[in-house]
1. In what order do E93, E77 fall by count of nearby beta-carbon atoms within 10 Å, going from fewest to most?
2. Using 0.36 nm times the number of residues separating V57 and W12, minus their current alpha carbon distance, what extension gain do you get?
3. Along the range 80-86, what does the Karplus equation 6.51 cos²θ - 1.76 cosθ + 1.60 (θ = phi - 60°) give for ³J(HN,Hα), rounded to whole Hz, x for Gly and Pro?
4. Going by how many other beta carbons lie within 10 Å of each one, how would you line up V53, V61, fewest first?
5. Using bins 10 angstrom wide from zero, how does P(r) for the chain break down, in % of all Cα pairs?
6. Normalised by the number of residues in the range 12-95, what is the relative contact order in percent for Cα pairs under 8 Å and 6+ residues apart?
7. With +1 on each Lys and Arg Cβ and -1 on each Asp and Glu Cβ, how big is the dipole of the chain about its Cα centre, in debye rounded to the nearest 20?
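Bear in mind that the values in this text are calculations on the coordinates, not laboratory data. None of the values given here were measured: they were computed from a predicted structure. For neighbour counting, all protein chains shown are included, and Cβ atoms are generated from backbone atoms with ideal geometry for every residue, glycine included.
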Amino acid sequence: MLTSILGARLSWHQANGWVFEPVIVGPDIIDYHLKEGPHAGRHAIQHFYYQRVAPGVETTVWYEESGALVHITWYLETQTTHRFAALPAWLAEDSDHLSG
């Protein structure tokens, strides 16, 4: 069983076809690739905030360079997540520039 996301290489397959492959480099850096989905080919290295909320529950949050806010809570025992993203209005209207 995964005991922490820190240092982990993950592959997250969403029901809508997105494949998100994050590598949690350390307690403040995430390096990720979007392998499938509307923004396939996107690669980013972001500084993020991390906290262990409870045993087996960890949370991360970061800002994309676009101003989008991404928050993921990781439930390690069930290997599930709860995710939330808030987009600036201009990005919600036209996100084509984020592809690749």
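1. E93, E77
2. Gain on stretching V57 to W12: 14.5 nm.
3. 10, 9, 10, 10, 8, 9, 10
4. Going from least to most buried by this count: V53, V61.
5. The calculated distribution, bin by bin, is 15, 49, 30, 5, 0.
6. Relative CO of the range 12-95 lands at 16 percent.
7. With only Lys, Arg, Asp and Glu charged at Cβ, the dipole is about 300 debye.
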